[in-house]
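Novice: Please find one structure pasted underneath; my questions will follow.
The values are calculated or read from the model by the stated rules, or taken from the named source; none is laboratory data. Predicted, not measured: the structure shown is a model, and the values here were computed from it. All Cβ positions, even for glycine, are placed from backbone atoms using ideal geometry, and neighbour counts span all protein chains on display. The accessibility values were calculated without ligands, DNA or RNA, using every heavy atom of the protein model including side chains. Shrake-Rupley method; radii C 1.70, N 1.55, O 1.52, S 1.80 Å.
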Amino acid sequence: NQKAFDNFKRSYSYREILEHVSEDQGRSYLEILEARNDSILSQARSTVLISDQVGNPVKYRYARYETLMSPTTLRYLKVSSDLKILFGSSLGKVAEIGCGYGGQTLVNDQILDVKSARLFDLPFVNKLIDRYLNAHLLNGAYATTVINKEEPRDYDLVISNYAFSELPKILQLAYIKKVLANSKRGYLTMNSGLGNDRSTGKLNLSELTELLPKFRVIEEEPLTADQNYIIVW
């Protein structure tokens, strides 16, 4: 439905799921990007922050900037900045677990060097991802898929913004077997595993240590919920 697609980022139901980054959180991401001065923000101001119209996102005016900005897109840019600092600009073949509408995929494609992105989500979510990404011209290639269609394969990098940590244990194990265990590098923002309420039925940090490639834990910045953290290898 074209009318629904044109405004899906303002849908109350959808904002409960994803487009809920607050104005203040967006300001925090913007301040981090300014402080790093790693060219991510300057690139974004002439690309994804200008073209960020599809789905009609909620935007705010931040001090010193004429362009209205989506705080959700600012979060994606902060993740891209993390990836550049940790792994460099060339990300190669990327797997992404839990992709929303494809926002992180688009930002990475436009700001960094992504050869291909394999996007894992539910079938009906993949339809939205296809619709969204095909409203843009990408530099690299992408394909949507579901875990049941995949054999184990190697990736240069696997990323997940909270989604992997929210899966039940049986699905986490499937993703580890088919995706994460064979990925050279990883970046997983986690909101489970430390024994909080969100950890019920999920792998804990000790189990993840045994099952994933050797990783280190870094702080989420800014911290968006108690006991959030990032796994990196």
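Per-residue answers, yes or no, for (1) open to solvent by 40 Å² or more (accessible area, probe 1.4 Å); (2) among the charged types (D, E, K, R):
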residue: 96; (1), (2): no, yes
residue: 105; (1), (2): no, no
residue: 109; (1), (2): no, yes
residue: 112; (1), (2): no, no
residue: 123; (1), (2): yes, no
residue: 132; (1), (2): no, no
residue: 137; (1), (2): yes, no
residue: 148; (1), (2): yes, no
residue: 151; (1), (2): yes, yes
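Novice: Also: Is region 163-186 home to any residue that is in a helix (DSSP H, G or I), within 25 Å of residue 126 (Cα to Cα) and modelled with pLDDT under 95? Walk me through how you get there before you give the answer.
Specialist: First pass over region 163-186, keeping only residues in a helix (DSSP H, G or I): 163-166, 169-178, 180-182.
The next check asks that each one be within 25 Å of residue 126 (Cα to Cα); those that pass are 163-166, 169-178, 180-182.
From what is left, the residues that are modelled with pLDDT under 95 are 182.
Among the residues of region 163-186, at least one is in a helix (DSSP H, G or I), within 25 Å of residue 126 (Cα to Cα) and modelled with pLDDT under 95, which makes the answer yes.
Novice: Does region 134-155 include one or more residues that are among the small types (Gly, Ala, Ser) and more than 17 Å from residue 96 (Cβ to Cβ)? Before you say what the answer is, go through the steps one by one.
Specialist: As a first pass, look at region 134-155 and keep what is among the small types (Gly, Ala, Ser): 135, 140-141, 143.
Next, only the ones that are more than 17 Å from residue 96 (Cβ to Cβ) stay: 135.
Within region 134-155, one or more residues are among the small types (Gly, Ala, Ser) and more than 17 Å from residue 96 (Cβ to Cβ).
Novice: Looking at region 133-140, can you tell me whether even one residue there is free of Cβ contacts under 8 Å to residues at least 12 places away in the same chain and over 27 Å from residue 228 (Cβ atoms)? Spell out how you get there, then give the answer.
Specialist: Going through region 133-140, the residues free of Cβ contacts under 8 Å to residues at least 12 places away in the same chain turn out to be 134, 137.
Adding the requirement that they be over 27 Å from residue 228 (Cβ atoms) leaves 134, 137.
Yes - at least one qualifying residue is present in region 133-140.
Novice: Ok, one more. Do we find a residue being farther than 20 Å from residue 25 by Cβ, in contact with a Pro (Cβ under 6 Å, 6 or more places away or on another chain), touching a residue at least 12 places away in the same chain (Cβ under 8 Å) and of a type outside the set (A, V, I, L, M, F, W, C) anywhere in region 189-196?
Specialist: No; the residues of region 189-196 include none that is farther than 20 Å from residue 25 by Cβ, in contact with a Pro (Cβ under 6 Å, 6 or more places away or on another chain), touching a residue at least 12 places away in the same chain (Cβ under 8 Å) and of a type outside the set (A, V, I, L, M, F, W, C).
Novice: State which residue pairs qualify: first residue touching a residue at least 24 places away in the same chain (Cβ under 8 Å) and more than 19 Å from residue 76 (Cβ to Cβ) and inside region 215-233, second residue among the small types (Gly, Ala, Ser) and buried (at least 16 other Cβ atoms within 10 Å of the Cβ) in any location, beta carbons under 7 Å apart, and separation of 6 or more residues or different chains.
Specialist: 215/186; 233/186
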